[in-house]
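Note sheet for the following structure.
The values are calculated or read from the model by the stated rules, or taken from the named source; none is laboratory data. Because the structure is predicted, anything quoted here is derived from the model rather than measured. Reconstructed Cβ throughout: ideal geometry from the backbone, glycine too, with neighbour counts over all protein chains shown. When the accessible area is computed, the model is the full protein with side chains, heavy atoms only, and any ligands, DNA or RNA have been set aside. Shrake-Rupley method; radii C 1.70, N 1.55, O 1.52, S 1.80 Å.
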Amino acid sequence: LNKTMCNSCGHDCSPILILATNEGFGTYTTEILKTEGFNEFKIDSLNNTKMTLNYLKQFDIVILTEMAVSGSGSILLSDYVRSGGNLIAFRPDKQLCEIFGIIDIKESVKEGYIKIDTSTLIGNGLIPETIQFHGISDLFRLDGGEMIASIFLNSKDSTEFPAVVVNNYGSGHAAA
């Protein structure tokens, strides 16, 4: 647990909450954040008994690592984003598709590539070449979300499927 005590109130006022498990490199997300210079975050479990909407609202951003999400967890995350929260998810559970503006097509690509759309505000200034990923990417169709990067089968053959999406959901924002 990485605690940051607020200078003004003395409480843990971390702006980022990471919801992770030890499964599937979930806690590795903390190492990525530290490497990138983010050290004010808290790590917790979506299954923790204190996990409520009011608890989630304490954080500017919630990062959901790759994990299975229960029905109640799905409702909680949906309510969080709908009420103005910001959610980032890595390979989100299929129950969360609506939040991200995508539809699962029940197919995947293994050891593929992604290419960032550098014409978007978010993609502007990032690397325009295809980047290989290691692992499996589920395939989705857009259903209101905006594609920031697309899946490629190899370094040259694109698909119509998003690799990274952002979506406005209720009063909040979601990225996967």
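Would you check if GLU129 is over 25 Å from LYS94 (Cβ atoms) and of a type outside the set (Phe, Trp, Tyr)?
yes
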Starting from segment 110-123, keep only residues that are in contact (Cβ under 8 Å) with a residue 40 or more places away in the chain, then list their pairs with residues that are part of a loop (DSSP other than H, G, I, E, B) and of a type in the set (D, E, K, R) whose Cβ atoms are within a distance under 8 Å, requiring at least 6 positions of separation or different chains.
-> LYS115/GLU129
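Matching residues to (1) open to solvent by 10 Å² or more (accessible area, probe 1.4 Å); (2) at pLDDT 95 or above; (3) not aliphatic (A, V, I, L, M):
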{"site": "LEU56", "(1), (2), (3)": "no, yes, no"}
{"site": "MET67", "(1), (2), (3)": "yes, no, no"}
{"site": "SER70", "(1), (2), (3)": "yes, no, yes"}
{"site": "SER74", "(1), (2), (3)": "yes, yes, yes"}
{"site": "LEU77", "(1), (2), (3)": "no, yes, no"}
{"site": "GLY84", "(1), (2), (3)": "yes, yes, yes"}
{"site": "ALA89", "(1), (2), (3)": "no, yes, no"}
{"site": "PRO92", "(1), (2), (3)": "yes, no, yes"}
Only one residue in ILE99, ILE63, ILE75, ILE88 is under 18 Å from ALA176 (Cβ atoms), touching a strand residue (DSSP E or B) at 6+ places or on another chain (Cβ under 8 Å) and in a helix (DSSP H, G or I). Which one?
-> ILE99
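Test GLU98 against the criterion of being open to solvent by 30 Å² or more (accessible area, probe 1.4 Å), closer than 20 Å to LEU64 by Cα and at pLDDT 95 or above, and give yes or no. Reasoning before the result, please.
Values: open to solvent by 30 Å² or more (accessible area, probe 1.4 Å): yes; closer than 20 Å to LEU64 by Cα: yes; at pLDDT 95 or above: yes.
The answer is yes for GLU98.
Taking ALA163 as the residue in question, decide whether it is open to solvent by less than 60 Å² (accessible area, probe 1.4 Å), within 24 Å of GLY85 (Cα to Cα) and either more than 20 Å from the chain's Cα centre (by Cα) or in contact (Cβ under 8 Å) with a residue 40 or more places away in the chain (or both).
On the way: open to solvent by less than 60 Å² (accessible area, probe 1.4 Å): yes; within 24 Å of GLY85 (Cα to Cα): yes; either more than 20 Å from the chain's Cα centre (by Cα) or in contact (Cβ under 8 Å) with a residue 40 or more places away in the chain (or both): yes.
Spelling it out, ALA163 is indeed open to solvent by less than 60 Å² (accessible area, probe 1.4 Å), within 24 Å of GLY85 (Cα to Cα) and either more than 20 Å from the chain's Cα centre (by Cα) or in contact (Cβ under 8 Å) with a residue 40 or more places away in the chain (or both).
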Out of (1) at pLDDT below 95; (2) over 17 Å from the mean Cα position of the chain (by Cα); (3) assigned to a strand (DSSP E or B), what's the single condition that is false for LEU121?
-> (3)
Tell me, which residue of segment 104-124 that is surrounded by fewer than 16 Cβ atoms within 10 Å (Cβ to Cβ) and aliphatic (A, V, I, L, M) is farthest from PRO162 (Cα to Cα)?
-> LEU121
List the strands (runs of 3 or more DSSP E) that sit entirely inside segment 126-176 and contain at least 2 residues that are of a type in the set (Val, Ile, Thr).
-> 146-152, 158-169
Long-range neighbours under 9 Å by Cβ, at least six apart or interchain, first residue closer than 11 Å to VAL62 by Cα within segment 11-34, second outside any loop (DSSP other than H, G, I, E, B) and at pLDDT below 85 | ILE16/LEU33; ILE18/THR29; ILE18/THR30; ILE18/LEU33; ALA20/TYR28; ALA20/THR29; ALA20/THR30
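Please work out which residue is surrounded by the fewest Cβ atoms within 10 Å (Cβ to Cβ), limiting yourself to segment 134-152 and to residues that are hydrophobic (A, V, I, L, M, F, W, C) and at pLDDT 95 or above.
That would be LEU142.
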